[in-house]
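Beneath this line is the structure, given in structure tokens, with notes to follow.
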Amino acid sequence: MQAFLVNNLHVKLGERMRLWSIHPKYLDTKGLLAVWREGLLAKKVLEGKTEGYKNHPQLERFKKSKDPIAYINAYLYEILLEAKGRGYNFNESKIQKVKIDSKLTVTDKQVAYEFQHLLNKLKLRNKEKYEEIKSVEKVDAHPLFIIIAGEIEPWEKL
């Protein structure tokens with residue numbers, strides 16, 4: 001398995017990262033579909049409707065929120081909006097529209113790590129999307145998150 005270097009950390013290509021902290025506008029079609037599916041699975045886990053994935057490390061930030069199910073619904077709603085904007089027809093009935101009082105935090109180094117991870121994926125699977133976003137200087141977070149200074153998140157599998 002091929003690896004790449006990010007902030008002096010070796011990361012293997014092919015590892016999954018589906019609950020992106022970066023804005024869904026950066027995802028290609030495959031990534032957008034994958035984050036929708038993974039988000040729906042995360043929602044089932046948080047609702048206690050499945051036995052698997054209970055300890056998925058990327059669920060930690062939702063579990064630590066004051067209302068994990070509301071936050072995962074808000075996360076998925078933004079994915080839905082991105083999909084609609086691209087003309088895709090995701091099943092809206094799978095989520096609840098909720099109003100969130102405050103955003104979750106994500107560190108600047110986590111956002112940078114994820115963006116580099118995505119670029120490496122796109123370089124292999126979608127050169128057009130790669131070319132479109134490779135020169136982005138200021139990476140936007142998913143609208144559910146506010147970026148704060150800090151290291152790569154401890155739940156990240158490196």
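The values are calculated or read from the model by the stated rules, or taken from the named source; none is laboratory data. All of these numbers come straight from a predicted model, not from anything done at the bench. No Cβ is skipped: glycine too gets one built from the backbone with ideal geometry, and neighbour counts run over all protein chains shown. Protein only, heavy atoms only, side chains kept; ligands, DNA and RNA dropped before computing areas. Shrake-Rupley method; radii C 1.70, N 1.55, O 1.52, S 1.80 Å.
The numbered conditions (1) more than 15 Å from Leu19 (Cα to Cα); (2) open to solvent by 70 Å² or more (accessible area, probe 1.4 Å); (3) modelled with pLDDT of 95 or more are all true for Tyr130 except (2). Restricting attention to the range 61-75, the residues being more than 10 Å from Leu19 (Cβ to Cβ), open to solvent by less than 60 Å² (accessible area, probe 1.4 Å) and part of a helix (DSSP H, G or I) number 6.
Across the range 100-129, the number of residues qualifying as touching a residue at least 12 places away in the same chain (Cβ under 8 Å), of a type outside the set (A, V, I, L, M, F, W, C) and part of a loop (DSSP other than H, G, I, E, B) comes to 2.
Kindly provide the set of residues from the range 99-120 that are farther than 20 Å from Lys64 by Cβ and surrounded by fewer than 19 Cβ atoms within 10 Å (Cβ to Cβ), ordered by number.
Step one: list which residues in the range 99-120 are farther than 20 Å from Lys64 by Cβ, which gives 112, 115-120.
Matches in the range 99-120: Ala112, Gln116, Leu119, Asn120.
Just to be sure before I move on: is Ile152 in a strand (DSSP E or B), surrounded by 12 or more Cβ atoms within 10 Å (Cβ to Cβ) and in contact with a helix residue (DSSP H, G or I) (Cβ under 8 Å, 6 or more places away or on another chain) in the structure I sent? No, not satisfied.
Taking the conditions exactly as written (of a type in the set (A, V, I, L, M), open to solvent by 60 Å² or more (accessible area, probe 1.4 Å), out of contact with any Leu (no Cβ under 9 Å at 6 or more places or on another chain) and not in a loop (DSSP other than H, G, I, E, B)), does Leu81 satisfy them or not? Working first, answer last.
Values: of a type in the set (A, V, I, L, M): yes; open to solvent by 60 Å² or more (accessible area, probe 1.4 Å): yes; out of contact with any Leu (no Cβ under 9 Å at 6 or more places or on another chain): yes; not in a loop (DSSP other than H, G, I, E, B): yes.
Yes, satisfied.
The set of residues in the range 11-28 that are open to solvent by 60 Å² or more (accessible area, probe 1.4 Å) and modelled with pLDDT of 95 or more contains only Lys25. Condition first: within 19 Å of Ser21 (Cβ to Cβ), more than 13 Å from the chain's Cα centre (by Cα) and not in a loop (DSSP other than H, G, I, E, B). Can you find one or more residues in the range 86-96 that meet it? Scanning the range 86-96 turns up no residue that is within 19 Å of Ser21 (Cβ to Cβ), more than 13 Å from the chain's Cα centre (by Cα) and not in a loop (DSSP other than H, G, I, E, B).
Let's see how each residue does on (1) in contact with a helix residue (DSSP H, G or I) (Cβ under 6 Å, 6 or more places away or on another chain); (2) at pLDDT below 95:
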| site | (1), (2) |
| --- | --- |
| Asp67 | no, no |
| Tyr71 | yes, no |
| Leu76 | yes, no |
| Lys99 | no, yes |
| Val106 | no, no |
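Filtered by the rule that a residue be surrounded by 13 or more Cβ atoms within 10 Å (Cβ to Cβ), of a type in the set (Gly, Ala, Ser) and more than 14 Å from Lys94 (Cα to Cα), the range 42-56 gives no residues.
Name the pairs: first residue in the range 53-70 and on the phi > 0 side of the Ramachandran plot, second residue in a helix (DSSP H, G or I), Cβ to Cβ under 6 Å, at least 6 apart or on different chains? Note: pairs meeting the criteria are Tyr53/Val45.
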